[in-house]
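Novice: Sharing a structure with you now.
The values are calculated or read from the model by the stated rules, or taken from the named source; none is laboratory data. Only a predicted model underlies this, so the values are computations on that prediction, with no experimental measurement involved. Neighbour counts run over all protein chains shown; Cβ positions are idealised from the backbone, glycine included.
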């Protein structure tokens with residue numbers, strides 16, 4: 001699987017290889033890979049955190065403030 005954005009790994013610096021070329025890393029990623037259905041139905045954890053943060057900011061902006069004049 002090739003992507004435009006290639007990650008680099010500092011382990012074994014001379015050639016700098018993509019992290020998934022390390023067997024332990026690729027095995028761990030394959031074990032935790034989500035299928036296409038769960039990827040569509042359940043957002044990633046970082047997406048949920050962003051939604052919560054934006055919701056908190058929006059609620060703060062909509063909060064009623066007493067008139068000062």
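Novice: What tally of residues in region 22-37 results from selecting those that are exposed (fewer than 10 other Cβ atoms within 10 Å of the Cβ) and either touching a helix residue (DSSP H, G or I) at 6+ places or on another chain (Cβ under 8 Å) or in a helix (DSSP H, G or I) (or both)?
Specialist: Counting residues in region 22-37 that are exposed (fewer than 10 other Cβ atoms within 10 Å of the Cβ) and either touching a helix residue (DSSP H, G or I) at 6+ places or on another chain (Cβ under 8 Å) or in a helix (DSSP H, G or I) (or both) gives 7.
Novice: Can you tell me which residue is nearest to the chain's Cα centre (by Cα) among those in region 38-61 that are modelled with pLDDT under 75 and assigned to a helix (DSSP H, G or I)?
Specialist: Only one residue fits best here, namely 46.
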